[in-house]
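What follows is calculated from the coordinates using simple rules that are stated; it is not laboratory data. Worth saying up front: this structure is predicted, and the values here are computed from it rather than measured. Counting neighbours? That spans all protein chains shown, and the Cβs are built from the backbone with ideal geometry, glycine included.
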Amino acid sequence: MFILNPYAQAGWYNPQNPHSINDHNWLNSWSHPPIFRSPSFQGSSVPALTSAVTFEFTSFNPDVLNCVVVGPTNSKVLDIRTRWDMTMIFKAEDPWAVIRWTEHPTIEANGIITPQPAGSFLKLSLDGCYRTMLVDGKNYAWVSRTDGTYLYSAGPHPPKFLHVVA
C-alpha cells in the first residue's frame, strides 16, 4: 500500500512507514520549499500566482451538467452535455471526454484518460488529505485548502505546483 503513494514516489520521507523508499527528509537537503514557485516567493505555504487563466462555466441549461465553459477571451472552450445515461464533454464540437452514468459509472478522455471506473479516477489518499489521478501516463495530486484546491505533479521528483482552482 505504501509503494503506490505518489508522495513517497516523489521523495517524501515517511518515518512512520518502515518500508519507506526514502531514508531521510528531502526538505532538509533543499534550499527551497517542496512546492516550486517564482523566485520572488518567500515564506507562505501557498504558491505565488504570477499569472492566471480564468475559465468560467456559463449558459447553464438548467445546471452545470449542461453548460458551456468559456476561456480568457470569452470564447467557448468546452461544451458539456448530459442526458440520462452519460455526460459528454466536447472540444471544438468533437467528443473529448465522457462519463457513463451506469450502476458502476466510468470515465474516459480521448488519448489521455483510459476508460476506468469513476471511483478510481480521483483516488482518495489513505489519510484522506488529497486525491490522486493518472492522466496521460503522469501522476497528479489534488490538495484542498481553505482558499482553493491545488494541483501538483506527483513522482518521481518532488511535487511541483501546477494550478489552483479557487
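Net length available on complete extension from Leu124 to Ala166 is 13.1 nm, with 0.36 nm assigned per residue and the Cα-Cα distance removed.
Taking the mean number of other Cβ atoms within 10 Å as a proxy for protection, how do you rank 67-79, 140-152 from highest to lowest? Each step should come with its number before you reach the end.
On the way: 67-79: 13.8, 140-152: 15.6.
With the highest mean Cβ count within 10 Å placed first, the list reads 140-152, 67-79.
Calculated over segment 60-153, the projected area of the Cα convex hull averaged across directions stands at 7.8 nm².
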